[in-house]
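Read the figures in this text as sums done on the coordinates, not as results from a lab. On a predicted model such as this, the values are computed, not experimentally measured, just so you know. Note: ideal-geometry Cβ built from the backbone for every residue, glycine included; neighbour counts use all protein chains shown.
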Amino acid sequence: MIAKFRSLSLSAQIFAGLLSGLIFGLIITGIEKVAPGTASIWQGYLIPSFDVIKTLFINALKMVVAPLVLVSLICGTCSLSDPKKLGSLGGKSIALYLMTTATAITLALVVANIVDPGLGIEKQDIPFDPKQAPELKEVIANLVTDNPFKSLAQGQMLQIIIFAILFGLAISRSGEPGKKVASFFQNLNEVILKLVTIIMHIAPYGVFCIMTAVIYESGFEDIKKLGAYFGTVAFTLLLHGAITYPVFLTLFGRLNPLILLTKMRPAMLFAFSTASSAATLPVTMELARKRLGVGKSTSSFTLPLGATINMDGTAIMQGVATVFIAQMYGVDLSITQYLTVILMATLASIGTAGVPSVGLVMLTLVLTQVNLPSEAIGMLLGIDRILDMMRTAVNITGDATVATIVSKSEGDLNEDMFNDPAAGRDFETSDVK
Ligand code: ASP
């Protein structure tokens, strides 16, 4: 039976883990309703042991993120023969990331104004400490690290990216010694990628435990109460994933978006269960390379950058939440304030780290700019976990879409691989075993 399960594709295995976790979570919640005495079993033994497996799984993913970004970006940069290429790669990636995020937030504001999720909702005082968001000038000043080892230890992605680019450029300009260092990093890169495929072994079980705990611990009562807000965010996320990305891919890349959406499914499931773009990055990179045919330089630059600065799903939540809170407090936002929201949510999404719940913290940046009380965020806390899972899946789909478009325009996309439904499928099955 286990052998049969293992022969399934990676997405099927993860999906099975997700679905069975969901069902199991519902079953134990149901049993607890009928027999409240069982709560001590779930809360005392089951959920804590599942939490251990969940932490093992997410730590294993996070363990490879910093080395993967560092090493693959060094390889990507030193293999660029022309340094000008780096400028064009960076320029296109950043421009597209900003465009997709601005579209996401605009879409969110439009949908929220049609649905009016905050009308008739009563304010509640749920404590939330609004002072946690870093200041923008701090984010900019910290782009360059004073100690790369500290950045690696703390997983400071933007600092690692900038250090890796400079280091890669130095290697490419160092002649013979540079070639030796480059070959070391290329070999190291292969080894790290192998490590990623090994870690995927435990993914279905990790996902099962996460889903069980999330379903058991979720406040479904809160979802009912804030149904309009929840539904508006979920609907806009779906709209963005199913319309904006396909339009961008067709328009700018002349590629079939269905292929991208199908091939990226395992990464979406990873993102959904871990609620972390950063933890999903190893999977996003593997799939982009081995299934979509995105070239090495582009995937190693554009994807880590995207996992750090491109958060369309997060911007959508922030847009809907702003309208929701304004309506709840009876505040009419002016056109200038809407434009401020678009700008601030785009900047906030750049500053949002790819880990669970940070989007909600960064929402304070947006709210304070339009004079709305950040304490109101407390009301959204209870239902944010599930929305976080959904928006993270959108965030990484955006990263893959932009990376594919940039790769095509930079001429390093393997289009035969992209169009071949079977390409890289072995990575999803036999390679994982
Ligand atoms: N969890 C999101 C991510 O990792 C960030 C957020 O919206 O909180 O992409």
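So here's what we get for this one:
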{"item": "Vicinal HN-Hα couplings computed from phi for region 296-305 (Karplus, 6.51 cos²θ - 1.76 cosθ + 1.60; Hz; Gly/Pro x)", "result": "4, 4, 5, 5, 6, 9, 5, 5, x, 4"}
{"item": "Rounded Å value of the spacing that divides the Cα centres of region 258-332 and region 47-79", "result": "16"}
{"item": "Anisotropy class of region 30-115 from Cα gyration tensor, a/c 1.5 cut", "result": "oblate"}
{"item": "Cα gyration tensor category, rounded, prolate or oblate, for the chain with a/c compared to 1.5", "result": "oblate"}
{"item": "Candidates Asn147, Asn113, Asn414, ranked by Gaussian network fluctuation over the chain, Cα under 10 Å, top entry", "result": "Asn147"}
{"item": "Loop sites in region 227-290: trypsin sites (Lys or Arg not before Pro), DSSP, at most 14 other Cβ within 10 Å", "result": "Arg254"}
{"item": "26 Å Cα-Cα threshold exceeded, pairs from Lys123/Lys224; Lys137/Lys296; Lys85/Lys290; Lys263/Lys408", "result": "Lys137/Lys296"}
{"item": "For region 329-433, alpha-carbon Rg and Dmax in angstrom", "result": "19.5, 57"}
{"item": "³J(HN,Hα) computed for each position of region 56-61 - Karplus, 6.51 cos²θ - 1.76 cosθ + 1.60, integer Hz, glycine/proline x", "result": "4, 5, 5, 4, 4, 5"}
{"item": "Mean residue ellipticity (222 nm) of the chain, computed from DSSP H runs ≥ 4 via -39,500 (n - 2.57), nearest 500", "result": "-24000 deg cm²/dmol"}
{"item": "Residue with peak Gaussian network fluctuation, the chain [Cα springs, cutoff 10 Å], from Val191, Val214, Val233", "result": "Val191"}
{"item": "Long-range Cα-Cα pairs in region 226-265 (distance over 17 Å), rounded percent", "result": "39"}
{"item": "Cα gyration tensor category, rounded, prolate or oblate, for region 251-364 with a/c compared to 1.5", "result": "prolate"}
{"item": "Top of Glu286, Glu415, Glu32 by mean-square fluctuation, Gaussian network on the chain, Cα under 10 Å", "result": "Glu32"}
{"item": "Estimated FRET transfer efficiency (Asp416, Ala242; beta-carbon r; R0 25 Å; 0.05)", "result": "0.45"}
{"item": "Vicinal HN-Hα couplings computed from phi for region 19-35 (Karplus, 6.51 cos²θ - 1.76 cosθ + 1.60; Hz; Gly/Pro x)", "result": "5, 5, x, 4, 5, 4, x, 5, 4, 5, 5, x, 4, 5, 5, 6, 10"}
{"item": "Relative contact order (%) - criterion: Cα under 8 Å, at least six apart; region: the chain", "result": "30"}
{"item": "Magnitude of the charge dipole, the chain, Cβ model with Lys/Arg +1 and Asp/Glu -1, debye to 20", "result": "1080"}
